[in-house]
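Asker: Pasting in a structure now, in structure tokens, and then I'll have a few things to ask.
Please treat every number below as a calculation from the coordinates, not as lab data. Here the structure is a predicted model, which means the values were calculated and not measured. Positions of Cβ are generated from backbone atoms using ideal geometry, with glycine treated the same way; all protein chains shown enter the neighbour counts.
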Amino acid sequence: MFGYWGKIAQVDLTRKEVVERKLSEGEAKKYIGGVGLAAKIILDGMPPHTDPLSPESRLVFAVGPFQATGIPGSGRWIVAAKSPLTGIWGEANGGGHWGPEFKRAGYDALVIYGRSEKPVYLWIHDGSVEIKDARDFWGMNVYETDSTIKKELGDPKIRVACIGRAGENLVKLACVISDVHGAAGRCGLGAVMGSKNLKAVAVRGEKEVPIARPEELKEKIRECSRILVENFKEFTKHGEALNMVPRERLGNVPIKNWVLGEWKEGAEKIGAPTYTEVLHAKPLACESCPVACKRHIKVESDKYPAGPAGQYGPEYETLAMLGSNCLIDDLLAICKANELCNEYGIDTISTGSLIAFAMECYERGWITKDDTDGIELTWGNADAMIETVKKIGEKEGFGAVLGQGITYAAEWVGKGAKDIAVHVKGLDFPAHNPRAFFSWGLTFATSPRGACHVHGTSFAPALGVGLLPEVGIDKQVDRFTWKNKAYITIKYQDWASVCNSLVQCIKPLFGGVSLTAHTELLNMVTGWNLKPTELMEAGERIFNLQRVFNVLQGISRKDDTLPKRVFEPHKEGGAANRIPPLEPMLNEYYELRGWDSDGKPTAEKLAELGLTEALKPIYH
């Protein structure tokens, strides 16, 4: 096989056993890798109603054919499991260097089950997996864990994916972090690691991935890199902070728990170019990426001094969720909160969502200082935000309530709290507003893991960028109409499934590296001869496989919905007086997907996609 090792490591932490199984070329072609492979492994190996935090739960780390090839945007990896936060499909996508290093270590995927009696970590190097004692690391934050494991193993080039104290404490917002700042953030998968007494997965490898057409691939990589460098000059200069101001103008930014549609001065205070100037920000790249959207920063503040992990700056989602959504325009305070989230290992999106939710509950008098451990959770209160982050990470007091997730917190508060909780299927909204782009509403309602911005960038055609002419999406569309939005949403969801299985960053498409170019890259790596439409069919297969998983958890049309707040129009800003018409979009979506009226993939659709093995569980 080219582009793959054909090897999956399976680790039983209860028995302390490591076995390998083969990955066939047929499986690779059908599920690509990454998320597609993880979905197949979890569906095959775990009964539907397994407790996500039980020993029987499967946790999968996976890469795809692009890792360690030098393809721009391939410095990625995925982790997947049943989510303890939502109880449905859970996946998270991380960047940095861990994914390519794992690939060079000689594996395509790592499957973990069971529970160790004592804390352990996995050491994977050059085709070998060892289970090592992690008792000395338990209780350490992410930065300490990363540096101490490297010291113990005697190699600073080792890459570590680990949990902090939040994962150990089974906080349901806990994430898995590599390279101290590369967060696989969503769905609480750090808690799954914690439940297994697994502190980290350290990797190091020097194997060369076999490439079918290496010279052609090198030339194609040079071509794609030139395109990205040319088209992302300004983005490379300022990073994700460049998105804050223009998205605020469009009404696409969360403001005051999604109540307000405008926050011009605040956006300017925390977005670029202010961000770049105040933080002396410099580009920081994942492996094999000429775009370098992440930031090295230098914080000069007596009030919010940066620790060792404070050299990594917040990205757009964090700026918006911990900033604008909480009406906090103090950039240095947001950097401190981001640093703490990284050290504890907490998802900044859900953390910002929950703090904004709590601030609105506090404003309405539904909770008081007696509930919040004396913290005055008023809008714009940066110190209160920072203290609450600490309490969530430690699972302490009111932080323990918020750390159980938005649906639990709304139930705990009572009164009208459910009406102001902004989530889909228990996963908090990312920093994108369905009132600004109607396609976001349909994407969030139907995404496998709940409200999700990496399961289909369906807003792209409304901006005239990242188009997919190979499947008929070749021109700009109106962001405030529902016409053709179901088709657009489906195609971008299928494309996202491809990206998350290759495993590939979504940005190259926006920078001019087309679906056709991605298909050519895959063919050069593997020696296959796929057409772009065939690659998209693989994405459709993977998306439907995830839907089957969710149907088995009881998900149906009743759950493919949006929170009440989305149907309350803004009075100001770029999306004023707009409400996404979900129901007609959803009807058309189900029909085009080949699902029945309740949102279940039909037997005919599954058979068409070669998923006959998925028929039995849902069609008895």
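Asker: If you average the sequence gap of Cα pairs under 8 Å that are 6 or more apart and divide by the length of the chain, what percent do you get for the contact order?
Answerer: 16
Asker: Starting at the first residue of the range 109-116, write each ³J(HN,Hα) from the Karplus equation 6.51 cos²θ - 1.76 cosθ + 1.60 with θ = phi - 60°, in whole Hz, x for Gly and Pro.
Answerer: These are the phi-based 3J(HN,Hα) values: 7, 10, 10, 10, 8, x, 8, 6 Hz.
Asker: K418: which aspartates and glutamates have alpha carbons under 14 Å from its alpha carbon, excluding same-chain residues fewer than 8 sequence positions away?
Answerer: Within the straight-line limit of under 14 Å, K418 reaches these aspartates and glutamates: E360, D428.
Asker: 5 Å is the cut-off here: which amide hydrogens, built 1.01 Å from N in the peptide plane, fall below it relative to I255, excluding neighbours closer than 5 in sequence?
Answerer: Amide H to amide H, under 5 Å and 5 or more residues apart or across chains, I255 pairs with L260.
Asker: Another one. Quick one: Karplus J couplings for the range 430-436, per residue in order, coefficients 6.51, -1.76, 1.60, θ = phi - 60°, nearest Hz, x for Gly and Pro?
Answerer: For the range 430-436, the Karplus-derived couplings read x, 7, 9, 10, x, 6, 8 Hz, x marking Gly and Pro.
Asker: Of all DSSP beta bridges located in the chain, what percent are antiparallel, nearest 5?
Answerer: The antiparallel proportion sits near 80 percent.
Asker: Which far-off residues, 5 or more places away or on another chain, put their amide H under 5 Å from the one on K294, with H placed in the peptide plane?
Answerer: Excluding prolines and chain starts, which carry no amide H, the hits are L284, C286.
Asker: Quick one: what are the phi-derived ³J(HN,Hα) couplings along the range 418-427, Karplus 6.51/-1.76/1.60 with θ = phi - 60°, whole Hz, x for glycine and proline?
Answerer: So the Karplus estimates, Gly and Pro as x, are 4, 6, 10, 8, 9, 7, 10, 6, x, 9 Hz.
Asker: Now for a separate question. In straight Cα distance, which lysines are under 17 Å from K571, not counting same-chain residues fewer than 8 positions off?
Answerer: Leaving aside lysines fewer than 8 places away in the same chain, those within reach of K571 are K256, K264.
Asker: Another question, if that's okay. Enter the Cα centre distance for the pair the range 51-107 and the range 300-376, rounded to the nearest angstrom.
Answerer: Value for the Cα centre distance between the two parts: 27 Å.
Asker: A follow-up question, please. Could you tell me which label, among (i) 22.4, 66; (ii) 34.9, 110; (iii) 35.5, 126, carries the value of Rg and Dmax of the Cα atoms in Å calculated for this structure?
Answerer: (i)
Asker: Within 10 Å of each candidate Cβ there may be at most 11 other Cβ atoms; applying that plus a DSSP loop requirement, which trypsin sites (Lys or Arg not before Pro) in the range 1-92 survive?
Answerer: R15
Asker: In terms of Cα to Cα distance under 20 Å, which lysines are near enough to K29, apart from those fewer than 8 places away along the same chain?
Answerer: Output for K29: K7, K40, K103, K491, K531, K605.
Asker: Counting other beta carbons within 10 Å of each residue's own, what order do E219, E265 fall into, fewest first?
Answerer: If I rank by nearby Cβ atoms, fewest first, I get E265, E219.
Asker: Over the range 198-312, what relative contact order in percent results from Cα pairs under 8 Å that are six or more residues apart?
Answerer: 22
Asker: Amide H of W77: which non-local residues (sequence gap of 5 or more, or other chain) have their own amide H closer than 5 Å, using H built in the peptide plane?
Answerer: Here the answer is G94, since their amide H atoms fall under 5 Å of that of W77.
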